[in-house]
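Just so it is clear, none of the values below were taken in a lab; they were calculated from the coordinates. Note that the coordinates shown come from a computational prediction; the quantities given were computed from them, not determined experimentally. Note: ideal-geometry Cβ built from the backbone for every residue, glycine included; neighbour counts use all protein chains shown.
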């Protein structure tokens, strides 16, 4: 913080007045005028100046309080605010959070076996964890802002859906095919956008996501158009169906059949897929290709000077990210049993991107936590009904204020000196000398 | 300095342009193995463009770039680094969010060096710039300007180049730090036999360091000679030395 805190009653009132003015402009139409359809269909409206005045007044008073608090607390840093004991506790938690989370996740079906709702939610969260990790390769590592990630999710889902319903191929054959097809589309998207970065890239990828969706809607003969693809086979336990028949897994194991078996199986399936994504990403980060992705995010010119083929580097990033999206899509199709274009709107892309950004671009644990917070949180606020989006949006704004680099902004280095004699980067503050 | 039979890098009649603006209008330069050659000139003379054109960005419109007698004018940019030509670009361009170790590793990644060779090169870089060893685990962006320059040179050295292109290594550095950088370049040249092309606005330093120098004005080489010769030329003194506060 370099800005000097303004003091004095005039500046205080000025800030509050400006905030109140903004609130007045914003709320004058939203709150000040209430419109409704009259009995004969005509538009009736009436004014609500009382509510408007109280809102503006609240903003005025609130900004004075906030400003006073800020001056009273003064410029403090997190180190001063957080006592050392808590800090060491935090670092302890930080070290064991990921393994603890993993163990807990593995045990979820055991703990919540009877609670179908929680199991379904856990599968949903894990799907988004996987999508987040997949997109993280493109956005977090390679720094290519992709707003059309849902396209690859859709390609994966339709690949499995169509291959399984038309040819009767099993999930385990279709899964790699879905990944390969999605990766192919990733490369196809990659070629035209090779020269683009940042905002321009975002716009083109956004359009790409929409194109895929529109093609799916309009190519009726193949995709069934808006009606979608139904009757997609459920996954089998390596050929053994998970149903109530004599051939089913329950009958073969000699245990009583329960529909929960399939849910539990789906849970472990998506967990395995997500962990595969994570493992591959972690491995790739330590290889030259992963380092090249990260270097590309930092400085493209320097990459070229160092002999990195930026074309193949970008394309592999797109393809890898898309492949994981395709896997997730295939899982989505087998879980739902029915897919339609409605599931692959821009909102999904935005949600996955929000998970990656919120988690801290490039951090695997951060993305997992963000997916839990976003999807789980969204469900948590279900009781708030209309105010759900408001609470949700507000909490996101707050997180971005407090942790602008995402929940976990720390980036673990991938190259170490044989003998550790260097000081940790955590001990040194960033400066631009 | 007598010129060797085949120069390591020979540039003949090189032309390059950004759109309609011609930045290089027929440049001829020769760099012999084991030499330090300085290229000096004012802002916008085309010095950095020449560096970039050697790396194929922008592509040459006319002329030839010969490296060890081979025409590399049309070789793709990323393959040029594999020919053991390394570049420390203008403005350093290190990777700020990656650690010093990773920055250095990036230099070695694109080469076919064995691990043992890379390790030896790393130790050589640390011997030249001990500060990098101290800062090994730090993020590149947390380094000071001088340290970032050391990192940029170190990263270029990691590919075990025969020819090192340095674009304004003293830009924005305190005189003491700039001297350290120049000393390191001299050491590299004398002890490791590295050939260096150095682009500088700091003409005094660069010409004292270099065996030979070229002066570039408006996309053309106007003067050439040994470093000491050029330093004594009255027009050089007037244009690049006494006007500034160097010396």
(request) Could you tell me the distance between the Cα centroids of region B:29-51 and region B:69-139, to the nearest Å? (result) 21 Å
(request) Using only alpha carbon pairs under 8 Å that are at least six residues apart, calculate the relative contact order of region A:214-270 and give it in whole percent. (result) 15 percent
(message) Out of all DSSP beta bridges in the protein assembly as shown, what portion is antiparallel? Express it as a percent rounded to 5.
(response) 60 percent
(message) Averaged across B:153-159, how many Cβ atoms of other chains sit within 10 Å of each residue's Cβ atom?
(response) 1
(request) Going by C-beta contacts inside 10 Å, put A:303, B:113 in order with the fewest on the left. (result) B:113, A:303
(message) Looking at the calculated P(r) for the protein assembly as shown, what percent of the C-alpha pair distances fall above 50 Å?
(response) 30 percent
(message) Testing the spin-label approximation: label points 7 Å from Cα along Cα→Cβ at residue A:354 and residue A:102. State their distance in nm.
(response) 2.9 nm
(request) Express in whole angstrom the spacing between the alpha-carbon centres of region A:155-205 and region A:115-140. (result) 18 Å
(message) With angles folded into 0 to 90 degrees, how steeply does helix A:84-111 sit against the dominant principal axis of chain A? Use alpha carbons for both and round to 10.
(response) 30 degrees
(message) Counting only other chains, and only Cβ atoms inside 10 Å, what mean value do you get across the residues of B:125-136?
(response) 2
(request) Would you please give the FRET efficiency between residue A:35 and residue A:221, computed as 1/(1 + (r/R0)^6) with r the Cβ-Cβ distance and R0 = 35 Å, to the nearest 0.05? (result) 0.20
(message) From Cα pairs below 8 angstrom and at least 6 apart in sequence, can you work out the relative contact order of region A:44-193, rounded to a whole percent?
(response) 11 percent
(message) Can you classify region A:180-327 as rounded, prolate or oblate using the Cα gyration tensor, where a ≥ b ≥ c are the square roots of its eigenvalues, rounded means a/c under 1.5, and otherwise it's prolate if a/b beats b/c and oblate if not?
(response) oblate
(message) Under a crude label model (7 Å from the Cα following the beta-carbon direction), how far is residue A:347 from residue A:246 in nanometres?
(response) 4.7 nm
(message) Starting from the 7 Å offset along Cα-to-Cβ, what nm value, one decimal, do you get for the label separation of residue A:403 and residue B:226?
(response) 6.5 nm
(request) Can you tell me the 0 to 90 degree angle between the C-alpha axis of helix A:288-298 and the longest principal axis of chain A, rounded to 10? (result) 30 degrees
(message) With the alpha-carbon atoms as the only input, what is the per residue convex hull volume for region A:257-345 in Å³?
(response) 109 Å³
(request) Give the calculated FRET efficiency between residue A:380 and residue A:48 to the nearest 0.05, with a Förster radius of 35 Å applied to their Cβ-Cβ distance. (result) 0.65
(request) Return the single residue from A:238, A:27, A:346 with maximal mean-square fluctuation; model: Gaussian network over chain A, springs between Cα atoms under 10 Å. (result) A:27
(message) Explain nothing, just the number: relative contact order of chain B, from Cα pairs under 8 Å at least 6 residues apart, as a whole percent.
(response) 27 percent
(message) Need the full-extension length gain, residue A:28 to residue A:311, defined as separation in residues times 0.36 nm minus the C-alpha distance. One decimal, nm.
(response) 96.7 nm
(message) Tell me the mean residue ellipticity at 222 nm calculated for the protein assembly as shown from its helices only (DSSP H runs of n ≥ 4, each -39500 (n - 2.57), averaged over every residue, nearest 500).
(response) -17000 deg cm²/dmol
(request) Would you mind ranking A:387, A:153, A:268 by Cβ crowding within 10 Å, fewest neighbours first? (result) A:387, A:268, A:153
(request) Could you tell me whether region B:3-77 comes out rounded, prolate or oblate from its Cα gyration tensor? Rule is a ≥ b ≥ c as square roots of the eigenvalues, rounded for a/c under 1.5, then prolate if a/b exceeds b/c, otherwise oblate. (result) oblate
(request) Summarise the partner chain shielding of B:106-118 as one whole number: the mean count of Cβ atoms from other chains within 10 Å of each residue's Cβ. (result) 3
(request) Using only the Cα atoms of region B:87-211, build the gyration tensor, take square roots of its eigenvalues as a ≥ b ≥ c, and label the shape rounded, prolate or oblate: rounded if a/c is under 1.5, else prolate if a/b is larger than b/c, else oblate. (result) oblate
(request) Arrange the following residues from fewest to most other Cβ atoms within 10 Å of their Cβ: B:82, B:211, B:205. (result) B:82, B:211, B:205
(request) May I ask you to compute the full-extension gain from residue A:276 to residue A:115, defined as 0.36 nm times their residue separation minus their alpha-carbon distance, rounded to one decimal in nm? (result) 55.3 nm
(message) Using alpha carbons only, how many angstrom separate the centre of region A:285-336 from the centre of region A:354-394?
(response) 25 Å
(request) Working from Cα positions, state the angle (0 to 90°, nearest 10) between the long axis of helix B:175-192 and the longest principal axis of chain B. (result) 90 degrees
(request) Would you mind getting me the FRET efficiency between residue A:71 and residue B:82? Use the beta-carbon distance for r and R0 = 56 Å, nearest 0.05. (result) 0.40
(message) For chain A, set up a GNM with springs between Cα atoms under 10 Å and report which of A:253, A:135, A:351 has the largest fluctuation.
(response) A:253
